[in-house]
Amino acid sequence: MSFKNSTLVSDIKNTVVGKPYLATTQNLGYIPKLCPAPEKAFTILGSGDSVFQLVYSGAKRIEAVDANEEQFRVFSLRRAAIMALEYKDFCDFLLRPYGKKFLSRGIFERVLPHFQFGENETSLFWKDFFGAIKITDIVTYKCFFRGGIEFCGNETKKSLAYIENPKAYKQLKANLKAASIRLHHDDAIDFLIRNGLDYDWVDISNILIYYYQCVANRGPDIFEKNLRRLAEAWNDSANNPSSTMVLDYMFGIGKHELENGTIKSRTARSICESGLLEIYDRIFTTLTANFGRLKIMEVRELADAMPTKGPMDSVIYVTGRPL
Ligand SMILES: C[S@@+](CC[C@H](N)C(=O)[O-])C[C@H]1O[C@@H](n2cnc3c(N)ncnc32)[C@H](O)[C@@H]1O
């Protein structure tokens, strides 16, 4: 693919293609710990789990961005399912890939009336999808989706407060009715540089490896330059000392390795792992150079979804703004 004449936004939009995530691969337990109740939040949409987690925590206004339009369809399906289904049915329908009711057409019939006004095209898409599939199991799932549940199964539930129990799920349903959620098909970094970061909570985790690989094709130092612009936009935004920005989520990487600069000296088990370790190291160095000292929270790894292996994942973030 040539990147010569296109902008970075369209590079990302044009290159992020393929199967959407049905559930997160991250341990999103960090969201309520780092920001118990954000008023105004910005996040990558991905599977939608971080949006639901934020709405459950009481966030009123959320902007969610994704470069892959398929994620918008998945989000609409999951939101309609939450509005339509009781707790157990929701879990059977979307979270138990080895169960008999996973992606069940019968359950979908009950979800269908709950798509929102303006989601006609999406509901028709899902009607065709559920009409066409013959078997509702992990094989069907893998034809269209990726990520999350085939790796984590029930573990996903443990990291997500909104589906921890029926009471929490009921609270999410109530909060969803009042929340304002705006979805944008865009490159998250470009979006923030253009529009500023006037949020209590910004979460761009788990896109930087991909971003690094995309922009590396455009020439040297573009990655560094864009992260510098992002840091400038963060510093220029409204002064809110309690805001938090999650910059990345590194799978299988411990806090001590980041702090001691030893990621690259780890003995990699595969070429893929050693390539990723190098990119993680470059990302961490670039973030430190632009955002200053970074905070790191370790969380237990839930999904064995990446070649970088380790019991803990690291959430890298900054808080507050300079006075
Ligand atoms: C690995 S997922 C993680 C998302 C989220 N944190 C979650 O737990 O579901 C990555 C998502 O980010 C999207 N993405 C990757 N690079 C992006 C970018 N620069 N801007 C917006 N979305 C991007 C992909 O399309 C994908 O849906």
Dividing the mean separation of Cα pairs under 8 Å (6+ apart) by the residue count of the chain yields a relative contact order in percent of 22
Seen from all sides and averaged, what is the projected area of the convex hull of the Cα atoms in the chain, in nm²?
16.4
Over the chain: helical MRE at 222 nm, DSSP H runs n ≥ 4 each giving -39500 (n - 2.57), nearest 500:
-13500 deg cm²/dmol
Per-pair calculated FRET efficiency, R0 = 35 Å: residue 272 and residue 124 via Cβ, rounded to 0.05:
0.35
Past 22 Å, Cα to Cα, is the threshold; run 60/88; 33/157; 33/264; 101/177; 19/127; 33/60 against it and keep the listed order.
60/88; 33/264; 101/177
Semi-axes of the equivalent ellipsoid for the stretch 231-279, Cα gyration tensor, largest first, Å
31, 12, 9
At a threshold of 8 angstrom on Cα-Cα distance, excluding pairs fewer than six apart, so keeping six or more, what relative contact order does the stretch 167-323 reach in percent?
29
Name the residue, out of 216, 41, 132, whose mean-square fluctuation peaks in a Gaussian network model built on the chain with Cα pairs under 10 Å.
132
Rule-of-thumb Rg ratio for the stretch 210-319 [Cα; 2.2 N^0.38 Å; N residues]:
1.10
Where nothing but the Cβ of Lys and Arg (+1) and of Asp and Glu (-1) is charged, how large is the charge dipole of the stretch 210-319 around its Cα centre, in debye to the nearest 20?
100
With a 10 Å cut-off between alpha carbons and a GNM built on the chain, which of 161, 174, 59 moves the most?
174
Using the Cα centre of the chain as the reference point, and only Cβ charges (+1 on K/R, -1 on D/E), how large is the resulting charge dipole? Debye, rounded to the nearest 20.
680
Amide H neighbours of residue 21 under 5 Å, at least 5 residues apart or on other chains, H built in the peptide plane: list them.
146
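Values quoted throughout were computed directly from the atomic coordinates according to the rules given, and no laboratory measurement underlies them. Note that the structure is predicted; figures quoted are calculated from it, not measured. Here the Cβ is made from the backbone with ideal geometry for all residues, glycine too, and neighbour counts use every protein chain on show.
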